[in-house]
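Take a look at the following structure, please.
We did not get these values from a lab; they are worked out from the coordinates using the rules stated. The structure presented is a predicted model; accordingly, all values stated were derived computationally and were not measured. Here the Cβ is made from the backbone with ideal geometry for all residues, glycine too, and neighbour counts use every protein chain on show.
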Amino acid sequence: MGLLKKVFRGRVLILVDIVFFYVIALFASYALELNLQLVQKNHPYVFFLILIQIVFLYAFRVYNIRLVDSSLELVARGGAALLSGSVTNIVLLLMALKDITFTIRIAIVYFPLAILVVLGYRVFYRIVISYHMRGSADTSNLPRTIVYGAGEIGIQLSRQFFKKKLPYHLLGFVDDDKKKWNSLVAGLTVFNGGIEDLSSHLLNKQAEVLIIAITHLSSEKMKQALEVARRTEVEAKIVPSLFELEEGRASQTDLRSINFEDLLGRTSLKFDKTPIAQMVDGKKILVTGAGGSIGNEICRQLISYNLDQLLLLDVDETELHNLSLRLHKYQQEFSDQIIPIVCDVTNKKKVELIFEKYKPDLVFHAAAYKHVPMMEYYPEEAMKTNINGSYNIFKAAIKYQSERVILISTDKAVNPTNIMGATKRVSEMVGSMLATDKTNIVAVRFGNVLGSRGSMLPLFLEQMEAGLPITVTDKRIIRYFMTISEAVSLVFLAGALGDNKEVMVLDMGEQVNIYDFAKKLVNIFGDGKSEVVVTGLRPGEKLYEEKLNDKDKTLPTTSPKVFKAIVNNSLEEDQIVNFLNKINDNENGQLVEMLQQFVPEFDYKGPPGS
């Protein structure tokens, strides 16, 4: 029905344009000759010239623009189409009439008038409809709302409001750009004053809702806006992040409530995805640890590209099954394009059989033990999975000639103080040692991922829901954070930009004080009874994580968000084989000593009581 309506609307506009072009031709005839004979005697030629104008309007997709949406795009497209058609017709008239003077006289009268009228009636219609909507829009019963951010998205919200498609009564804008103060933007006033004056505007205008309409906003300003909303008892809504918009998961005017991720601010994560597409398009791709938070997101983003086949490998059959269902949009569990595989990466024989059967071109190796305190108690398990498992994946990839393996590493591999970080550092070294010209191995380090399984934020929310205090290990503890979706996108980019044997690191954004963050979380999402308590550092935990993109320890790449780490990768294969053979036969203390030989900077404290 919508398609038929669109086709009908386009044909009506074509007929209207033909009528206007003909009337303009009659007017030009009268202006030049004081009669209409010029047109009436040359109808075939006149309609041929009109047809050329229509063809150019169609070619420039002017008929795809609805009258109610007429804007600068219409002026640009329509002007270009009419100008192109006019130039073409002038050339044809010169060729037919061989009279330069007469042709110029026609051109001076007809073509400017054609441009003015054909574009003018569209813009006039838009203006009339727009003001009609504004005059007839009864939104007084809707929540009184102020919009923070008078940029492009704020303008879109205003347009939706005047079209009566927004369930809020917009009162005006607050913006930090002083040049916009006391001006009209899309028919709404930008109030005098920025975020510092937001509270007074909300109170004076008796606002019930605050919409944050900025896709890139610092953590401090986000917290400031939310604190003002909380203090003035105003409901806060937010537009989707830039990442959500780019992925097509939401449109600019899809408003939602604030979630804990928004407290970190909005990063302006935009980059050229061409290197990623070139790396993955048409490839068979294996993702190990697919059932985990990072693996899940890797798989979810991969299916947006043109893959040949996606192989999901994990030892957790439940998570693997659930992931496969989601990727198949809950229509089936298995397909030739998406294949779940239950496997433990420490099982060398089975890993080889999988590579032999499917021969993946590209591997994302995310399978690992990542829980820092837990691995302090069970170092042998971290060594088996993080080192031995990685060794098995690398060797199988090389044997069956995978083009590239991307190892998902961690910031905790930098000057490690815990077993998890040290084992991931060794896995980086193993990858660099084994890499060949045919099978490139690249490691990508990143910091803490917001909302991942086992991370602090889900724990904080669970504690609040259970009515328990939020536990923070130290008031001074600082971390770098990024959302899972943003981190994985940068992992893709780093994996594509990295050369063989390199360790890539990501710019993880702003530092976050965990204690302050927990207090904000309690203020915004708490029930008034929640509190934050300090419990002391856990085994293997640092107060401050190393800054990944330190210019003294990294080299730049073509992306400002991705860097190359300066690392020492001295390791021999017989050393690592000898170590792997001893994992099951030695005491933990001896294994840790061997680990320290591989990573001399590893400062091991051990679990309490050791």
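Just tell me which lysines come within less than 24 Å, Cα to Cα, of LYS605; anything on the same chain fewer than 8 places away is out.
Within the straight-line cut-off, LYS605 pairs with LYS370, LYS384, LYS412, LYS424, LYS475, LYS542, LYS547, LYS582.
Highest first, please rank the peptides 87-95, 112-120 by the mean number of other Cβ atoms sitting within 10 Å of their residues.
Top of the packing list down: 112-120, 87-95.
So, one more: Of all beta bridges DSSP finds with both residues in region 274-598, what is the antiparallel percent, to the nearest 5?
Working: 9 of 44 bridges.
Roughly 20 percent of the DSSP beta bridges within region 274-598 come out antiparallel.
Sticking with this structure for a sec: Using the Cβ atoms and a cut-off under 12 Å, what net charge is assigned to the surroundings of HIS321, where Lys and Arg are +1 and Asp and Glu are -1?
After counting each charged neighbour, the total is -4.
Can you give me the distance in nm between label points at VAL87 and LEU537, each placed 7 Å from the Cα along the Cα-to-Cβ direction?
7.0
Right, something else. Going by how many other Cβ atoms sit within 10 Å of their own, how do ASP516, ASP272 line up, fewest first?
The most exposed by this proxy come first: ASP272, ASP516.
5 Å is the cut-off here: which amide hydrogens, built 1.01 Å from N in the peptide plane, fall below it relative to ASN440, excluding neighbours closer than 5 in sequence?
Placed amide hydrogens put ARG404, VAL405 under 5 Å from ASN440.
For region 171-179, what does the Karplus curve 6.51 cos²θ - 1.76 cosθ + 1.60, with θ = phi - 60°, yield as ³J(HN,Hα) per residue in whole Hz, taken in order and with x for Gly and Pro?
After applying 6.51 cos²θ - 1.76 cosθ + 1.60, I find 9, x, 10, 10, 9, 7, 7, 4, 5 Hz.
Still on this model: Considering only the other residues whose Cβ falls under 14 Å of the Cβ of GLY194, what net charge follows from Lys and Arg at +1 and Asp and Glu at -1?
Residues near GLY194 contribute -2 overall.
Additional query: Which order do peptides 594-604, 475-485 fall in by mean Cβ count within 10 Å, highest first?
Sorting 594-604, 475-485 by mean packing, highest first, produces 475-485, 594-604.
Continuing with the same structure: Between region 344-369 and region 171-203, how far is it from one alpha carbon centroid to the other, in angstrom?
Each part's Cα centre sits 56 Å from the other's.
Could you tell me what fraction of 2.2 N^0.38 Å the Cα radius of gyration of region 274-598 comes to, as a two-decimal ratio?
Ratio of Cα Rg to 2.2 N^0.38 Å: 0.99.
Moving to a separate point now. Mind ranking 299-306, 495-502, 366-373 by how tightly packed they are, going by the mean number of other C-beta atoms within 10 angstrom, highest first?
366-373, 495-502, 299-306
Per-residue HN-Hα couplings for region 387-398, Karplus 6.51 cos²θ - 1.76 cosθ + 1.60 at θ = phi - 60°, whole Hz, x for Gly and Pro?
Result, rounded to whole Hz: 9, 5, x, 5, 4, 4, 5, 4, 5, 5, 4, 5.
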